[in-house]
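Read through the structure below, which is laid out as structure tokens, and then see the notes.
The values are calculated or read from the model by the stated rules, or taken from the named source; none is laboratory data. Note that the structure is predicted; figures quoted are calculated from it, not measured. With ideal geometry, Cβ positions are generated from the backbone for all residues, glycine too; neighbour counts draw on all protein chains shown. Quick note on the areas: whole protein, heavy atoms, side chains included, nothing else; ligands and nucleic acids left out. Shrake-Rupley method; radii C 1.70, N 1.55, O 1.52, S 1.80 Å.
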Amino acid sequence: MPDTTKWTPYILAILRLVTALLFLEHATMKFFQFPAAIPGIPSPLPTMILVAGAIEVITGLLMTVGYYTRVAAFIASGEMAAAYWMAHAPQSFWPALNMGESAILFCFVFLYLAFAGPGRLAIDRAAKQTSLARA
């Protein structure tokens with residue numbers, strides 16, 4: 001099998017980018033009903049949903065561009081853990097029945113990004129290289 005180690009930072013960046021964009025989609029559904037409204041969410045949005053949407057917009061944008069990725073991912077991971085236990089788990093023990101699979105996946109992908117970092121193609125990386133070049 002060929003050595004794929006050199007591709008790891010690029011694949012990590014793709015994972016970060018795709019996951020962050022999907023996370024942003026949840027925020028656009030809350031705030032702009034795009035690409036569709038979330039079924040069962042009242043209007044005006046309850047405070048808890050507004051806070052969740054704000055976290056999704058801010059952390060989603062930060063992770064998309066790779067800026068403060070570790071902090072943003074850690075906060076987003078916590079939000080998804082809270083969302084799972086508050087909204088999904090009370091409906092059923094089984095994630096397939098309580099519709100919580102995406103919350104669990106987001107939670108653990110973001111937790112991974114909080115520890116692994118942004119990969120290539122990130123402002124975090126460019127800022128770090130710039131600061132090293134100055135030293």
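Okay, residues lined up against (1) at positive phi; (2) in contact with a Cys (Cβ under 9 Å, 6 or more places away or on another chain); (3) among the small types (Gly, Ala, Ser):
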site: 61; (1), (2), (3): no, no, no
site: 77; (1), (2), (3): no, yes, yes
site: 83; (1), (2), (3): no, yes, yes
site: 87; (1), (2), (3): no, no, yes
site: 100; (1), (2), (3): no, no, yes
site: 104; (1), (2), (3): no, no, no
site: 109; (1), (2), (3): no, no, no
site: 120; (1), (2), (3): no, no, no
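Let's see how each residue does on (1) within 22 Å of residue 13 (Cα to Cα); (2) modelled with pLDDT of 95 or more; (3) touching a His at 6+ places or on another chain (Cβ under 8 Å):
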{"position": "66", "(1), (2), (3)": "yes, yes, no"}
{"position": "76", "(1), (2), (3)": "yes, yes, no"}
{"position": "103", "(1), (2), (3)": "yes, yes, yes"}
{"position": "106", "(1), (2), (3)": "yes, yes, no"}
{"position": "119", "(1), (2), (3)": "yes, no, no"}
{"position": "123", "(1), (2), (3)": "yes, no, no"}
{"position": "129", "(1), (2), (3)": "yes, no, no"}
Residues of the range 79-118 that turn out to be farther than 15 Å from residue 60 by Cβ and assigned to a loop (DSSP other than H, G, I, E, B), as a count:
6
Of the residues in the range 34-48, how many are under 19 Å from the mean Cα position of the chain (by Cα) and at positive phi?
0
Could you check the range 63-78 and list, in sequence order, the residues that are under 19 Å from residue 25 (Cβ atoms), outside any loop (DSSP other than H, G, I, E, B), open to solvent by less than 50 Å² (accessible area, probe 1.4 Å) and not polar (S, T, N, Q)?
63, 72, 73, 76
Would it be correct to say that residue 83 is within 27 Å of residue 115 (Cα to Cα) and either open to solvent by 70 Å² or more (accessible area, probe 1.4 Å) or of a type in the set (A, V, I, L, M) (or both)?
yes
Inspect the range 36-57 for any residue being under 26 Å from residue 120 (Cβ atoms) and either modelled with pLDDT under 95 or not hydrophobic (A, V, I, L, M, F, W, C) (or both) and give the result as yes or no.
yes
So in the range 18-37, with the set limited to residues that are surrounded by fewer than 12 Cβ atoms within 10 Å (Cβ to Cβ) and among the hydrophobic types (A, V, I, L, M, F, W, C), which one is farthest from residue 61 (Cα to Cα)?
36
So, residue 41, is that one surrounded by 12 or more Cβ atoms within 10 Å (Cβ to Cβ) and assigned to a helix (DSSP H, G or I) or not?
no
List pairs: first residue in the range 32-51 and more than 13 Å from residue 83 (Cβ to Cβ), second residue open to solvent by less than 100 Å² (accessible area, probe 1.4 Å) anywhere in the structure, Cβ distance under 6 angstrom, at least six positions apart or on different chains.
34/28
